[in-house]
1. Just check the stretch A:13-134 against the gyration tensor rule for me: Cα atoms, a ≥ b ≥ c as the square roots of the eigenvalues, rounded for a/c under 1.5, and otherwise prolate or oblate depending on whether a/b exceeds b/c.
2. Does the stretch A:22-89 come out rounded, prolate or oblate by the C-alpha gyration tensor, with a ≥ b ≥ c the root eigenvalues, rounded set by a/c under 1.5 and, if not, prolate when a/b is larger than b/c and oblate if not?
3. Taking the Cα centre of the stretch A:76-140 as origin, sum charge times position over the Cβ atoms of Lys and Arg (+1) and Asp and Glu (-1), and report the length of that vector in debye to the nearest 20.
4. Got a sec to turn the phi values of the stretch A:126-136 into Karplus ³J(HN,Hα) couplings, 6.51 cos²θ - 1.76 cosθ + 1.60 with θ = phi - 60°, whole Hz, x for Gly and Pro?
5. Check which residues have an amide H placed less than 5 Å from A:Gly45's amide H, if you skip close sequence neighbours.
6. Name the residues whose placed amide hydrogens come within less than 5 Å of the amide hydrogen of B:Gly53, ignoring near sequence neighbours (fewer than 5 apart) on the same chain.
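No lab work stands behind these numbers, since they all come straight from the coordinates. Since the structure is predicted, the reported quantities are computational estimates derived from the model, not experimental observations. Glycine gets a Cβ as well: all are built from the backbone with ideal geometry, and neighbour counts include every protein chain shown.
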Amino acid sequence: MKDEDEPVTPDESVVRLVWGAFLRPGEPVPVQPVAFKPRDDETDGISVFRAACLNDPKDALAAMTPDKRARYAIAVIPVAELLALGLSVKPAKIDAVPGHAVIPELNITAVKSDRAWWKVLQLQLVELAAKNLIPPAEPPTDAS
Amino acid sequence: MWANATPILPKFPRLPLNGASDGVHVGDWSACLADLDRYRAYSDDWDGQGAKGIPGDLIDSATELVGLLRSHSVLPPTCVLPGFGGTVGFEWDTAEGGSITLEIIGAETAEFELHIPDGPYEFLKIGEPVTA
């Protein structure tokens, strides 16, 4: 396991947690683009977790409140693929789970300022996510 | 209701006269309304990461919009999704492999987006007041 203070290297993968309702089972691309959309407060970029800093990709679920963890799918994406899209991964430590990082280019300001660019990138990201997707422990139902 | 949305209605996919969907993944209006109704229960932190709850008046407004779209023979959206900011979004897959998204961000307020790969991109805001 890597120490989270070590720099991110291209041979790593990152984990993106995908809310179950954003999945499209049976479709050629089974993840909705909105799964990578920054939240309004994500000015530094969207959250991911470095798989190299976790014992198992599912350990990233510890960042969620317990009653929601089973609702999340787990997309494992090679850092090299993100780099090929012109994106980067920057460590951003949190207390709950080791290996938290952000993709700084995918921040809410950038997305709103160039929506056409963002739309193209979203489609590329969901294709990457679909290549290695661990389904949620519980199928999508009501949120609460 | 949704008077500002009328000009964009021609941009949405419609069922051809022969009833075929031309290979587009078409949703179902009943399922769309059921999804909207289900999102009424989406209170604050519905996703465990601080997502905002979806207000009831926004759902009501989205439901009214469904009525308007149906009355203009618009195809049902491929899916209806909740938004982290307390919104709901309708999405249509298009025959050209692109997408149309209509995100309801408030009562009678929405953001429309059309994207066709290697083709046109369009973004419009509907219903927001113009400030001086």
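1. Rounded shape, in that the Cα axes give a/c under 1.5.
2. Rounded, because the longest to shortest axis ratio a/c is under 1.5.
3. 160
4. Each residue's phi maps through the Karplus curve to give 5, 5, 5, 4, 5, 5, 9, 10, 9, x, x Hz.
5. It is A:Ile108, by chain and number.
6. Under 5 Å from the amide H of B:Gly53: B:Asp44, B:Asp45.
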